[in-house]
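Heads up, the thing below is written out as structure tokens.
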Amino acid sequence: MKNIVPAVVIASLLGINGVVGYIWYNKAQDRSQVPSGGVNDVKTELAYDPLDPANQTHNTSSGSEASSTVSVQPESNQQQTAEAQTAAATVQAAAPAVTTAAAPAQAKTEKTKAQPVVSETTATVMHEKFKYIGETVNGAANGQGTAYYKNGQKRYEGEFRNGSANLVGRSYYEDGALRGDGKRANGKIQIVTYNEDGSKYSDRSHAENSKLGTATIYYPGGSLMYSGQVSAVTGIPEGQGTEYYENGTKRYTGTFREGLFHGTGTFVTDDQAEYYEGQFTDGMLNGYGKFYLDGTMYYDGEHKEGVYNGKGKFYMNGAIAYDGDFVDGNANGYGKLYDNGKLVYDGEVINNMPTGNGTNYLGTGPINIQITITNPYKNSSSVKTFNMPHGVKVTR
């Protein structure tokens with residue numbers, strides 16, 4: 001009788017289609033019949049329960065855990081597990097199809113970006129337009145290309161950005177001689193430029209997309225001409241820098257604009273005897289400044305292109321000689337005259353002479369005061385000597 005019951009149960013189970021009946025049958029069996037080393041308990045063995053929603057999710061997402069359960073399942077249960085794994089694989093195989101469907105849209109977006117094409121147009125090299133043949137984007141020079149002189153000689157070959165040479169390349173003179181060689185190094189664009197005779201003109205560098213760089217510029221003989229900031233495009237002094245005479249002494253220290261003294265600075269004559277400290281405009285001594293001779297100040301005041309204009313003072317041997325108005329390099333207007341630092345006249349002055357319309361501190365007698373001022377140079381870029389008052393001569 002004991003043997004009949006299990007047989008009936010088995011027959012009933014075989015009549016049930018699916019894994020559920022077989023799981024119930026397993027529950028009815030003695031645990032001692034579970035293969036040793038395969039599963040520790042029934043709970044672990046039943047980890048794959050198709051009626052458990054959590055396990056259904058588990059089997060469609062994790063093939064590794066399902067395969068660990070298969071090792072202890074009977075043959076029919078293994079078949080169910082294989083079917084579940086096949087279904088999971090089908091789901092996973094469907095996922096890439098979504099990405100594949102999105103790919104054409106991405107490719108379409110990429111196609112909207114303009115691609116370089118080789119064509120002929122014009123390009124800018126150091127503020128000048130030249131014929132250009134090379135890579136272009138939307139009609140502008142972008143990428144590798146060559147700019148040409150009108151005679152067909154290369155002006156520049158190398159990189160271009162937005163229609164202009166970025167000087168990572170080689171530039172040439174109109175006769176074909178090498179003019180400059182630019183490369184990227186240490187995060188900067190470094191350029192060596194040459195004179196037409198092949199001697200080095202400058203070493204300069206600037207950061208990418210920067211308007212200013214730094215440079216050392218040389219005389220043809222090799223001595224230092226300039227050290228300081230320059231335009232990243234032209235290599236011309238721009239900003240703060242120092243210009244030198246060929247013998248190595250300083251000529252000017254201060255600010256530059258387009259290669260000219262502009263702003264504030266100090267200019268020294270070639271013999272180093274005289275110097276000026278003050279304002280400059282487009283290469284001219286202009287505005288307010290102080291003039292010195294052998295280290296002693298002789299003028300302190302306003303001027304226009306190096307000619308005294310406005311309020312000013314000038315000195316003799318360190319002592320004040322005149323303090324007042326200047327017009328076109330002469331004492332005109334109101335002023336005070338001194339003799340060896342002592343005030344002798346306070347009043348109107350016209351063309352360097354007192355009119356008498358003022359106070360005479362020398363007494364009641366007539367006063368004759370002569371002021372001699374010269375204004376030999378106006379252009380600071382070629383000045384050899386500054387406006388020099390030769391003194392105030394006081395006579396009775």
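The values are calculated or read from the model by the stated rules, or taken from the named source; none is laboratory data. For clarity, every value in this text was computed on a predicted model and none was experimentally measured. Glycine also receives a Cβ, built like all others from the backbone with ideal geometry; neighbour counts cover every protein chain displayed.
Looking at the stretch 312-330, which of its residues are touching a Phe, Trp or Tyr at 6+ places or on another chain (Cβ under 6 Å) and hydrophobic (A, V, I, L, M, F, W, C)?
Residues satisfying the conditions are Phe314, Ile320, Ala321, Phe326.
Name the residue, out of Gly158, Gly169, Gly182, Gly176, that is at pLDDT 95 or above, outside any strand (DSSP E or B) and of a type outside the set (D, E, K, R).
Result of the check over Gly158, Gly169, Gly182, Gly176: Gly176.
Can you pull out the residues in the stretch 136-150 that are part of a strand (DSSP E or B), farther than 14 Å from Asn166 by Cα and either aromatic (Phe, Trp, Tyr) or in contact with a strand residue (DSSP E or B) (Cβ under 7 Å, 6 or more places away or on another chain) (or both)?
Thr136, Tyr148, listed by residue number.
Considering only residues that are small (Gly, Ala, Ser) and in a strand (DSSP E or B), look in the stretch 244-268 and name the one that is farthest from the chain's Cα centre (by Cα).
Residue satisfying both the conditions and the ranking: Gly265.
Answer yes or no: is there a residue in the stretch 304-319 that is acidic (Asp, Glu), out of contact with any Asp or Glu (no Cβ under 7 Å at 6 or more places or on another chain) and part of a loop (DSSP other than H, G, I, E, B).
Yes, some residue in the stretch 304-319 is acidic (Asp, Glu), out of contact with any Asp or Glu (no Cβ under 7 Å at 6 or more places or on another chain) and part of a loop (DSSP other than H, G, I, E, B).
Just one of (1) more than 18 Å from His127 (Cα to Cα); (2) free of Cβ contacts under 8 Å to residues at least 24 places away in the same chain trips up Asn209, so point out which.
Result: Asn209 fails condition (1) only.
Does Val307 count as hydrophobic (A, V, I, L, M, F, W, C), under 15 Å from Glu277 (Cα atoms), buried (at least 17 other Cβ atoms within 10 Å of the Cβ) and modelled with pLDDT under 80?
no
Can you tell me which residue among Ala331, Ala321 is over 28 Å from Ile236 (Cβ atoms) and in contact (Cβ under 8 Å) with a residue 60 or more places away in the chain?
So the residue among Ala331, Ala321 that is over 28 Å from Ile236 (Cβ atoms) and in contact (Cβ under 8 Å) with a residue 60 or more places away in the chain is Ala321.
Test Glu258 against the criterion of being without any contact (Cβ under 8 Å) to a residue 40 or more places away in the chain, outside the structural domain of Pro354 (by TED's automatic domain parsing) and closer than 30 Å to Asn166 by Cα, and give yes or no.
No, not satisfied.
Determine, yes or no, whether Thr234 is surrounded by fewer than 19 Cβ atoms within 10 Å (Cβ to Cβ) and in a strand (DSSP E or B).
No.
Within the stretch 143-165, can one find any residue that is surrounded by 15 or more Cβ atoms within 10 Å (Cβ to Cβ) and under 30 Å from Gly248 (Cβ atoms)?
Looking through the stretch 143-165, none of the residues is surrounded by 15 or more Cβ atoms within 10 Å (Cβ to Cβ) and under 30 Å from Gly248 (Cβ atoms).
Confirm whether Lys290 is surrounded by fewer than 18 Cβ atoms within 10 Å (Cβ to Cβ) and either among the hydroxyl-bearing types (Ser, Thr, Tyr) or not in a loop (DSSP other than H, G, I, E, B) (or both).
The answer is yes for Lys290.
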